[in-house]
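Here the structure comes first, spelled out in structure tokens, and everything after it is commentary.
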Amino acid sequence: MKTPARGSLLSIEHLPTRDINAILKLARRMKPAHPQPLLRGKRVALLFYETSTRTRASFEVAAKSLGAITVLIQTSGSSIEKGESLLDTGYTLSAIGADVIVLRHPNSGAPNLLAQHLDIPVINAGDGMHEHPSQALLDAYTILRHKKKIAGLQVAIIGDIFHSRVARSNIHLLSKLGAKMTLCGPPELVPELATTLVPGLKLARHVEDAVRGADVVMLLRVQKERLAGLKLHAFDYIARYQMTPARLRLAKRDAILMHPGPAIRGMELEGDLADAPQSVIREEVRNGVPVRMAILARAVRKAR
Ligand code: NCD
């Protein structure tokens, strides 16, 4: 087993605050419309064992904007279908000259495993219920385009927190940068234990209490099948926790509404709220490009 290559991005939990700030600063210098060819001649492998729209597309656009060659490997249509292991697939990509691997995998810890066996940086694009570091970085970048600083902000995080890698990465990042967070959702999806993730996390069982006075309202996806498996009714979730214009009015006047996507209109939020002036949902997607450009540029620079 090796130490992960420099420039790897495996989690926010173990990423020093100075590195978070450095990536955010670099992202602000990235100009998707006029990019510098920082990755010219480099090969970025996108290895996706799970479905993805935003993450995959923005890593690909980010890599190509910086001049890299990208290769996309997905479960269907690759030797993964024939039973090839993650490590063997990683060795194959490394043998064809990949300089960086961006990995999404249903198992928590898969990117760490790969990084411990390869000499090239591995970037976690979401692993099981563990982390989704690039999403948390683009969320912080988005917040900072609307608020002067993250320290002291009140953030309400609502939805299926237990199963969400986005929630975990955001909680670590926002805590490192000094935000105050309140988690909210049904006990089956937001257990008391969730508040032990970082010091100072609060829990609200009534969505009104979570949203009141918030600067940022962050929603997370709630899957109907998951609710059904827990014997919860979708209409009950909607009645108690769905974000509505009336509930959002309890937040600060200049509060922003976030969702990593895919957002299910009519479930986590009332249909049109995604298009409301407070919603930065599409901006989050847009900001994924410069933030992922920064992550890739840092990976290649550090790996040298
Ligand atoms: C999330 C994911 O896949 O973790 N989506 C994303 O990358 N923006 C959130 C989710 O699927 O709920």
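Return the calculated 222 nm mean residue ellipticity for the chain, to the nearest 500 deg cm²/dmol, obtained by summing -39500 (n - 2.57) across DSSP H runs with n ≥ 4 and dividing by the residue count.
Values: 11 runs with 113 residues, N = 304.
Calculated from helices alone, the mean residue ellipticity at 222 nm is -11000 deg cm²/dmol.
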Taking Cα atoms only, helix 17-29 is inclined relative to the longest principal axis of the chain by an angle, in degrees rounded to 10, of 80
Cα-based helix-to-principal-axis angle, 133-146 vs the chain, degrees rounded to 10
60
Work out the P(r) tail for the stretch 39-165: percent of alpha carbon pairs separated by more than 21 Å, whole number.
45
Area of residue 129 that stays accessible when all protein chains are in place (1.4 Å probe, Å², to 10):
80
Largest-first ordering by accessible area, 1.4 Å probe, given options 127, 272, 209:
272, 209, 127
Please list 3J(HN,Hα) in residue order for the stretch 173-180, calculated via the Karplus relation 6.51 cos²θ - 1.76 cosθ + 1.60 where θ = phi - 60°; whole Hz, with x for glycine and proline.
5, 5, 5, 4, 8, x, 7, 10
Taking H placed 1.01 Å from N in the peptide plane, check which residues at least 5 places from residue 181 or on another chain put their amide H under 5 Å from its amide H.
155, 202
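From the cross-link list 2/224; 2/176; 202/224; 31/224; 147/231; 176/302, which pairs have alpha carbons spaced over 30 Å apart? Write out the running numbers ahead of the final one.
Details: 2/224 41 Å; 2/176 27 Å; 202/224 26 Å; 31/224 39 Å; 147/231 39 Å; 176/302 23 Å.
In this structure, 2/224; 31/224; 147/231 lie more than 30 Å apart at Cα.
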Folded to 0 to 90 degrees: helix 281-303 orientation relative to the chain principal axis, Cα:
30
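Could you please put 264, 143, 73 in sequence from largest to smallest accessible area, using a 1.4 Å probe?
Numbers: 264 70, 143 0, 73 35 Å².
In descending accessible area the options line up as 264, 73, 143.
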How much accessible area does residue 225 have with a 1.4 Å probe, in Å² rounded to the nearest 10?
130
Which cross-chain or sequence-distant (5 or more) residues have an amide H under 5 Å from the amide H of residue 9, H modelled 1.01 Å from N in plane?
122, 123, 124
Contact order relative to length for the chain, counting C-alpha pairs under 8 Å separated by 6 or more residues, stands in percent at 22
3J(HN,Hα) from dihedral phi, the stretch 202-215, Karplus parametrisation 6.51/-1.76/1.60, rounded to Hz, x for glycine, proline:
10, 10, 10, 8, 9, 4, 4, 5, 6, 7, 3, x, 6, 8
Using only the Cα atoms of the chain, what are the Rg and Dmax in Å?
19.1, 56
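If I take every Cα pair under 8 Å that is 6 or more residues apart in the stretch 81-212, average their sequence separation and divide by the length, what percent do I get for the relative contact order?
Working: 209 pairs, mean separation 23.3, N = 132.
It comes to 18 percent, rounded to a whole number.
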I'd like the carbon and sulfur percentage of the solvent accessible area for the chain, probe radius 1.4 Å, heavy atoms only, ligands and nucleic acids excluded.
52
Please list 17-26, 78-87 highest first by mean number of surrounding beta-carbon atoms within 10 Å per residue.
17-26, 78-87
Leaving out ligands, DNA and RNA but keeping every protein chain, what accessible area does residue 14 have, in Å² rounded to the nearest 10, with a 1.4 Å probe?
150
Ranking by accessible area, most exposed first, for 146, 172, 117 with a 1.4 Å probe:
146, 117, 172
Let a ≥ b ≥ c be the square roots of the eigenvalues of the Cα gyration tensor of the stretch 147-279; is it rounded (a/c under 1.5), or, if not, prolate (a/b larger than b/c) or oblate?
oblate
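The values are calculated or read from the model by the stated rules, or taken from the named source; none is laboratory data. Small disclaimer: the values here were computed from a predicted structure and weren't measured. We place every Cβ from the backbone using ideal geometry, glycine too, and count neighbours over all the protein chains shown. Calculation scope for accessible area: heavy atoms of the full protein, side chains included, ligands and nucleic acids excluded. Shrake-Rupley method; radii C 1.70, N 1.55, O 1.52, S 1.80 Å.
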